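The next block holds one structure in the form of structure tokens; read it before the comments.
The values are calculated or read from the model by the stated rules, or taken from the named source; none is laboratory data. What you are looking at is a predicted structure, and each value in this text was computed from that prediction instead of being measured. Glycine gets a Cβ as well: all are built from the backbone with ideal geometry, and neighbour counts include every protein chain shown.
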Amino acid sequence: MNEHDTLGERLAQQGISRRAFLKFCAAIASMMALPPGAATAIAETLVKTTRPSAIWLSFQECTGCTESLTRSDTPTLENMIFNMISLDYHETLQAASGYGAEKSREDAMKKFYGKYLLLVDGSIPLRDGGVYSTVAGRTNLDVLQEVAKGAAAIIAVGTCSSFGGIPEAKPNPTGAVPVSDIIKDKPIINVSGCPPIPVVITGVLAHYLTFGKLPALDDLGRPKSFYGESIHDRCYRRPFYDQGKFAKTFDDEGARNGWCLFELGCKGPITHNACATTKWNGGTSFPIESGHGCLGCSEPHFWDGGSFYAPLSTPTSPLNLATEAVVAGAAVGAAVTIANRMKKNTAKSEHQTATVADLEK
Ligand code: SF4
Ligand code: SF4
Ligand code: F3S
């Protein structure tokens, strides 16, 4: 098998039928809200596309992003990631080690200069000259700057490389920053999530290989087709939110009836991700379907946003605009009155606790 054969050849070698591939393209087109006919265009282009070289750099991370990508049965949409690219360097997945590993990276960089894709998981520590994370004796900063120079585009995989993530949480002892704080002259796409949804990465790759460019991005550099709506927009518990029916504990009648988890700290209203539609584990479920609120893992500073179990309307710090929108949204669902708005405004100015229950009074 040639490392850089076409995707069509690769699929044939793996025994993946044309029918299964067309189904995959239809699913990707639908998830990315592409116009009718796009599935065929994707299929026709991808099948002839030579798989690009990809270099994957892991910095301050927990390997959860890689785990997320590899923990899938075949043949799934997630698994297609490894058919679409030729992964020439990945510290965890490659067979080579030591000098051999670094040589494969250098060889790929030389051979495919200007054309390879760079995928990064983990944040980059800047404090004290970047000494807090090194690979083969070199700082993450040094390696990132070197590899980014020859990259056609960069995919920041996960919240750590997209926004800093957990390493960047206060007090951020290593001075962790995301890729976009360092690299300014390359197209960067943030596929956030802790970890991100594997099929979102597949979708981004399929789009890039088909159209030769990154898909439309939101103001945080994430693909709009997957991050354009909030978890709350598409949550199946939304009707309960709109009716003001909230579980108060994880084992009360409301929880058993599948009511909204807003009062148990769900951050779905201010979190943009595709979990409620694509779900996880081959479409099996997602956190809210498992009975736990969304933690907001695909948003910047999610680790510092207050307790995971405090409702959004509890102003541990001054309410921000997004939180205000949540309160307003809940209020509409619960037929809020002017008095409720006053309550919210007072809470905002005085940092009091204001819950949906308060707003319903
Ligand atoms: Fe781990 Fe989350 Fe960072 Fe991925 S985004 S490396 S899962 S901490
Ligand atoms: Fe779903 Fe959370 Fe919104 Fe309730 S608050 S509808 S559980 S996303
Ligand atoms: Fe993360 Fe919320 Fe999805 S915690 S996995 S964005 S439901």
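Some points to look at:
- Within the range 230-245, considering residues that are part of a loop (DSSP other than H, G, I, E, B) and touching a strand residue (DSSP E or B) at 6+ places or on another chain (Cβ under 7 Å), the one surrounded by the most Cβ atoms within 10 Å (Cβ to Cβ): R237
- Taking the range 259-312 as the range and being among the small types (G, A, S) and in contact with a helix residue (DSSP H, G or I) (Cβ under 7 Å, 6 or more places away or on another chain) as the test, the residues that pass are G268, A274, A276, G291, G293, G296, S298.
- Filter result (farther than 18 Å from F163 by Cα and touching a Pro at 6+ places or on another chain (Cβ under 8 Å)) within the range 209-229: L209, K213, L214, P215, A216, S225
- Total residues in the range 86-105, condition in contact with a helix residue (DSSP H, G or I) (Cβ under 8 Å, 6 or more places away or on another chain), surrounded by fewer than 18 Cβ atoms within 10 Å (Cβ to Cβ) and not acidic (D, E): 4
- Of all residues in the range 252-277, those that are within 18 Å of S307 (Cβ to Cβ) and within 16 Å of ligand 1 (Cβ to nearest atom) total 2.
- Candidates A255, A274 - the one that is outside the structural domain of C194 (by TED's automatic domain parsing) and closer than 23 Å to I189 by Cα: A274
- Selection over the range 246-270 of residues that are assigned to a loop (DSSP other than H, G, I, E, B), touching a Gly at 6+ places or on another chain (Cβ under 9 Å), crowded, with 22+ Cβ neighbours inside 10 Å and not basic (K, R) gives a count of 3.
- Residue in the range 171-193 that is within 16 Å of ligand 2 (Cβ to nearest atom) and either in a helix (DSSP H, G or I) or in contact (Cβ under 8 Å) with a residue 40 or more places away in the chain (or both) present: yes
- Identity of the residue in the range 106-142, in contact with a Pro (Cβ under 7 Å, 6 or more places away or on another chain) and among the hydroxyl-bearing types (S, T, Y), that ends up surrounded by the fewest Cβ atoms within 10 Å (Cβ to Cβ): Y132
- Helices (runs of 4 or more DSSP H) (entirely within the range 10-118) containing at least 2 residues that are touching a Gly at 6+ places or on another chain (Cβ under 9 Å): 18-31, 38-48, 64-70, 98-111
- Hits in the range 248-278 - residues which are touching a strand residue (DSSP E or B) at 6+ places or on another chain (Cβ under 8 Å) and away from ligand 3 (no atom under 16 Å from the Cβ): G254, W259, E263
- Pairs with Cβ under 7 Å, 6+ apart, first in the range 260-274 and without any contact (Cβ under 8 Å) to a residue 60 or more places away in the chain, second more than 6 Å from ligand 2 (Cβ to nearest atom) and among the aromatic types (F, W, Y): C260/F240; C260/F246; L264/F250; L264/Y309; G265/F308; G265/Y309; H272/Y227
- Pick from the range 62-72, criterion under 28 Å from K111 (Cα atoms) and of a type outside the set (S, T, Y), ranking: farthest from ligand 1 (Cβ to nearest atom): L69
- For the range 127-170, the set of residues classified as farther than 25 Å from Y208 by Cα, in a loop (DSSP other than H, G, I, E, B), without any contact (Cβ under 8 Å) to a residue 60 or more places away in the chain and touching a helix residue (DSSP H, G or I) at 6+ places or on another chain (Cβ under 8 Å) consists of A136 only.
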